[in-house]
Structure formats: structure tokens, C-alpha cells
Amino acid sequence: MKKLEGKIRVIIADDSALMRRNLKHLIESDIRFEVIDVARDGEDAINKVRELKPDVVTMDINMPKMDGLTALQIIIDEKICPVIIVSSLSQEGAVTTFEALELGAFECIGKPGGTVSKNIEEVGEELVESLYNASQIGKKKTTLKRLAESKKIIKKMSKRKFQKSNEKFKAVALGISTGGPKIIYDVLPFLPKNLNAAIFIVQHMPPNFTASYAERLNKNCEINVVEVKDKMIVKPGTVYIGKGGKHLKLRERIDGEVAIRLSNVPKEFFVPSVNIMMESVSNIYKKRVIGVLMTGMGKDGVNSMVKIKENGGTTIAESEETAIVFGMPKEAIKRGVVDEILPSYDIAEALIKKAGVFNK
């Protein structure tokens, strides 16, 4: 099929003929896109994606012959193109959403009206923007390479004993966005339960997602992972996941303990905001802060990485080699406030070296 010059080439995979037609109309209403073909199931999608090499694919999940998650994994493993899940099974809080994101889906968009959504135009703006952003990423290093690198980490870390620290515990302030649910598995599962640091993570997610996100991470990590709750006391050896719809802030109590404070202010584009979290962590822990910016679009967190450096802390940015979207880390690097630029699979070891472990 002939490629139209300058157009972003899309394949739609959905078992509903009505949905295929509605999605094609919606996508091509934006002059940047050309739907080059449609697929009725996962097997059909794989064959057409391999042949036509589109810039991006929209994928339903519940399809005959081969489901969308299986097709997604094959496309990502073969490094063909980015995939956006468009499905009624990717509604807020659905376990399937996390499975898709962990497999490498660029984004998950829920059909507002169920499996055959006649009002798909309600998510039209979100869909075309996601399609555009995904098409700009190109062919990134994905599942197979990361699995190989993860095995290297396991082998390397199993043979090392890290220094025990008697110092006050450190604070890791980590910001992550697009591509984060997959990339974070290159880091958190390799941190020991007695890491001499508290880790605060803001992952750009809507309300009702972050509790399930924290639960899934906790099941796959040695270190304790929790969704933050207001007034929760901060302890080392714990990962605190920012709550969707609330800013993650800290306050120091009169007894010297540090507590979580959830807030609705200030109004920001992202809630929770990486900048708000990092600034609050830096105000409390000063030079004991390790700031980390990983995959994500935009500049959230960059200004606070500057503040972390000003307060004597250290900073890490994920390298372009592994970042699904080299936006947030790139902006921090451009500002000249990054001490180390590391691929995702080296960040865990760097954190352990900087923080040490505590006696337990």
C-alpha cells in the first residue's frame, strides 16, 4: 500500500467492524494521520503490522484467535512500532491496563461506551495526541533487551555485598511518566528491603490507578511498596507511590518524624506533580536527597532537580538508550543539573551505592 508523504501511518486492530469504521473516521479527521489498514483480530494485526510497518497501532484487547495483549507483546518484542491500547478493558483501575503498560504499551485509552463504543469521539483528542506522541518515539529498545539486562543485574547483585550505613537514611525523589509502568521494573525489583533510603515516586496516573499500581509493584519487589496515605510516617526501606489526584508533600513533625501530607494545591497540569514532590522532599532532606528523572514527556521535575542540586543533593537522569520517551530526563540534562546519566537497568545499583543498607 502506497505511503502518503508526511502522514503518520496507523493500523487499527478491533474485532468490531463498527469500531474499526468509527476509529478510522476519528483518526483521519486529523490531517496528520492515514489509516493504512485495519485488522479484525490479533493474528490479523500481527500479519499486517509485519508487512506494512506502520508508525503506530491501535489495539483492542478482547479479540478472537489472538487477544490484544498477546499481539502487543509480539509487536513490542519484534520492535516494529508503538502500540496504543483502545479497549473497554482498559478502564480506570483495571488489572488489564497494568498488564498492557508493563508489556510496553505506549498508552491505554478506555472506550467510553463499552466494547462497541458509539461515542468514541469523547476520547478523540486524547487518542490522536497519544498517536502523534507515540509515532515520534521511533523504535526503542524493548522487552528482549531489558530482560537480558535484568538478568545481568540479578547475577551481578547476587555476588555483591553492599556497605552497611549508620548514617541517617536518604530520600530518593523519583519522577516518571509515559512508559514508566514498564521501565520501573528495571529498578524497584532490584532494591533490597533494607535499603537505607525512603523512595518517593510520582508516576503520572489518574485517581483509582495508583493503589493497584502500588499493590502490583509490592508483589514483585523485595522492598516494601505502598500507596501514600495522609499522615503516614516516613521510614527507610519503603517506596511511597504518589496518590493519583493528590500532590505528594512532606512535613516535619515537632517530634522530628517526617510525615506524608496529601494536598490539592497548587493547581498543576499533572496531579500528582513531580516538581511538587521533589521540592517538598528536598526541603526536608536537603543534601540527603537523590533526585531521579526517568522516561516521560514534558518538563515536570526539571525545576526541582535544580533545587535538589542547590540544596547539596545528587541527581540521576535515565539515558536515551532505555527511556521510552526521552523528554523529562533530557530537559534536566540540558539544564546542566544531572550528576549521572544512566540506562534504567543501572539505576538500582547506583541507588544502593549512594544509600547503602541499614542493619536489620
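Would you confirm, using the coordinates I've provided, whether Gly244 is under 17 Å from the mean Cα position of the chain (by Cα) and either within 23 Å of Asn194 (Cβ to Cβ) or acidic (Asp, Glu) (or both)?
Numbers: under 17 Å from the mean Cα position of the chain (by Cα): yes; either within 23 Å of Asn194 (Cβ to Cβ) or acidic (Asp, Glu) (or both): no.
When the stated conditions are applied, Gly244 does not pass them.
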Looking at segment 108-128, is at least one residue touching a strand residue (DSSP E or B) at 6+ places or on another chain (Cβ under 7 Å), in the same structural domain as Val338 (by TED's automatic domain parsing) and either at pLDDT 75 or above or among the acidic types (Asp, Glu) (or both)?
-> no
Residue count for segment 209-239, restricted to those that are under 16 Å from the mean Cα position of the chain (by Cα) and farther than 22 Å from Thr295 by Cα | 0
Here the residues within segment 193-240 that are among the hydroxyl-bearing types (Ser, Thr, Tyr) and surrounded by fewer than 23 Cβ atoms within 10 Å (Cβ to Cβ) are Ser212, Thr238
Which of the following residues is in contact with a Ser or Thr (Cβ under 6 Å, 6 or more places away or on another chain) and assigned to a strand (DSSP E or B): Ile308, Ile260, Ile290?
-> Ile290
Report yes if some residue within segment 193-211 is touching a helix residue (DSSP H, G or I) at 6+ places or on another chain (Cβ under 7 Å), under 21 Å from Val95 (Cβ atoms), in the same structural domain as Ala259 (by TED's automatic domain parsing) and at pLDDT 90 or above; otherwise report no.
-> yes
With respect to the numbered conditions (1) surrounded by fewer than 16 Cβ atoms within 10 Å (Cβ to Cβ); (2) in a loop (DSSP other than H, G, I, E, B); (3) basic (Lys, Arg), which one is the sole condition not fulfilled by Lys243?
-> (1)
Quick one: which residue in Pro329, Pro272 is in the same structural domain as Val258 (by TED's automatic domain parsing), at pLDDT 95 or above and in contact with a His (Cβ under 7 Å, 6 or more places away or on another chain)?
-> Pro272
Among strands (runs of 3 or more DSSP E) entirely inside segment 1-90, those with 1 or more residues being at pLDDT 95 or above and of a type in the set (Ser, Thr, Tyr) are 56-59
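The values are calculated or read from the model by the stated rules, or taken from the named source; none is laboratory data. Since we're looking at a predicted model, the values are computed, not measured. Methodologically, a virtual Cβ is constructed for each residue, glycine included, from the backbone with ideal geometry; neighbour enumeration extends over all protein chains shown.
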